[in-house]
Amino acid sequence: MTYQFKLAKVMTIKQDEKNRLLAQYNESVQYFEQVGQKLYDKLKQKEELLEVQAKKFKSGLVISEIKFFQQALESVEVTIANLQRDVMLARQQMSMRELKLQEKNIECKKYEKLKDKSYTSYLKTQGDAESKQMDEISLQQFMLHRN
């Protein structure tokens, strides 16, 4: 008789849920990295814009150039503010998914431990049955040789 875990189907379902949550978590990490990279690029663009503006101030600027730099700077700052909000939301989503994944991992480990305990119990039962059967065979052989 082969071993079959009673909760194998439940364990499979839980493993599938864990894999799905892992995929969602990986997607949220990837999205967080993308938004973070966009934010970094915009911050770098702002820094470069400020450097160019500072150089132009030293050499002299026309009022129209000052307006252009101010508009460009305001536009970049609005984009940065939006990206900072997006990064914060992406971080929160990533953290929530990480917690769900950790909970599911714990749940799956519980089922694995149950399976291990069940298998150990099965092996003990099988060993006891074999031992009992060997005792019966020995007794029968003893009785046959005695007669």
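The values are calculated or read from the model by the stated rules, or taken from the named source; none is laboratory data. Remember, it's a predicted structure, so these values are computed and weren't measured experimentally. Cβ sites come from the backbone with ideal geometry, for glycine too, and all protein chains shown count toward neighbours. Only protein heavy atoms, including side chains, enter the accessible area calculation; ligands, DNA and RNA are left aside. Shrake-Rupley method; radii C 1.70, N 1.55, O 1.52, S 1.80 Å.
Subtracting the Cα-Cα distance from 0.36 nm times the residue separation, let me have the gained length for residue 17 to residue 125 in nm, one decimal. Don't skip to the answer; put the middle values down first.
Values: separation 108, 0.36 × 108 = 38.88 nm, distance 3.27 nm.
Full extension from residue 17 to residue 125 adds 35.6 nm.
Any chance you could give the angle, 0 to 90 degrees and rounded to 10, that helix 63-146 forms with the longest Cα principal axis of the chain?
10 degrees
Would you indicate which of (i) 33, 22, 14; (ii) 75, 12, 8; (iii) 21, 19, 15 is the value of semi-axes √(5λ) of the Cα gyration tensor in Å derived from the coordinates of this structure?
After the calculation, the listed value that fits is (ii).
Hey, any idea what % of the chain's accessible area is carbon plus sulfur with a 1.4 Å probe? Show your work: numbers first, answer last.
Numbers: 6500 of 11830 Å².
Carbon and sulfur atoms account for 55 percent of the accessible area of the chain.
For the chain, build the charge dipole from Cβ charges (+1 Lys, Arg; -1 Asp, Glu) around the Cα centre, then report which of 70, 19, 36 sits farthest towards its positive end.
The Cα lying farthest towards the positive end belongs to 19.
Taking the simple approach of a point 7 Å from Cα along Cα-to-Cβ for both residue 144 and residue 26, what is their distance in nm?
6.1 nm
In a shell of Cβ-Cβ distance under 14 Å around residue 71, excluding residue 71 itself, what net charge do Lys and Arg (+1) and Asp and Glu (-1) give?
Working: positive: 46, 67; negative: 65, 74, 77.
With Lys, Arg at +1 and Asp, Glu at -1, the net is -1.
Among 124, 109, 58, whose mean-square fluctuation peaks in a Gaussian network model of the chain (Cα, cutoff 10 Å)?
58
Quick one: net charge of residue 52's neighbours, Cβ under 14 Å, K/R +1, D/E -1? Write down the numbers at each step before the final one.
Details: positive: 44, 46, 55, 56, 58; negative: 47, 48, 51, 65.
That works out to +1.
For the chain, build the charge dipole from Cβ charges (+1 Lys, Arg; -1 Asp, Glu) around the Cα centre, then report which of 82, 57, 129 sits farthest towards its positive end.
129
What accessible area per residue comes out for the chain, rounded to a whole number of Å², with a 1.4 Å probe?
Numbers: 11830 Å² over 147 residues.
Spelled out: the 1.4 Å probe surface of the chain, per residue, equals 80 Å².
How much solvent-accessible surface does residue 25 expose, in Å² to the nearest 10, with a 1.4 Å probe and all protein chains in place?
50 Å²
Would you mind checking the pairs 18/113; 6/113; 110/132; 6/132; 9/117; 18/109 and listing those with alpha carbons more than 22 angstrom apart? Working shown, then result.
Details: 18/113 16 Å; 6/113 13 Å; 110/132 33 Å; 6/132 25 Å; 9/117 17 Å; 18/109 11 Å.
110/132; 6/132, as the Cα separations exceed 22 Å there.
Pop the C-beta distance of residue 66 and residue 41 into the FRET formula with R0 = 30 Å and round what comes out to the nearest 0.05. Walk me through the numbers before you get to the answer.
Values: r = 25 Å, r/R0 = 0.82.
Efficiency, rounded to the nearest 0.05: 0.75.
I'd like the FRET efficiency for residue 91 and residue 51, computed as 1/(1 + (r/R0)^6) with the beta carbon distance as r and R0 of 35 Å, rounded to 0.05. Intermediate results must be reported in sequence, preceding the final value.
Values: r = 29 Å, r/R0 = 0.84.
Once the sixth-power term is evaluated, E becomes 0.75.
Show that you can apply the helix-only estimate: for the chain, add -39,500 (n - 2.57) for every DSSP H stretch of four or more residues, divide by all residues, and state [θ] at 222 nm to the nearest 500. Walk me through the numbers on the way to the answer.
On the way: 2 runs with 136 residues, N = 147.
About -35000 deg cm²/dmol.
Relative to the longest principal Cα axis of the chain, at what angle does helix 8-59 sit, 0 to 90 degrees, rounded to 10?
20 degrees
With +1 on each Lys and Arg Cβ and -1 on each Asp and Glu Cβ, and nothing else charged, work out how big the dipole of the chain is about its Cα centre, in Debye to the nearest 20. Mind showing how you got there, number by number?
Values: 26 positive and 21 negative charges, 40 e Å.
The dipole of the chain has a size of about 200 debye.
Compare 37, 70, 133 in a GNM of the chain, Cα atoms joined below 10 Å, and give the one with the largest fluctuation.
133
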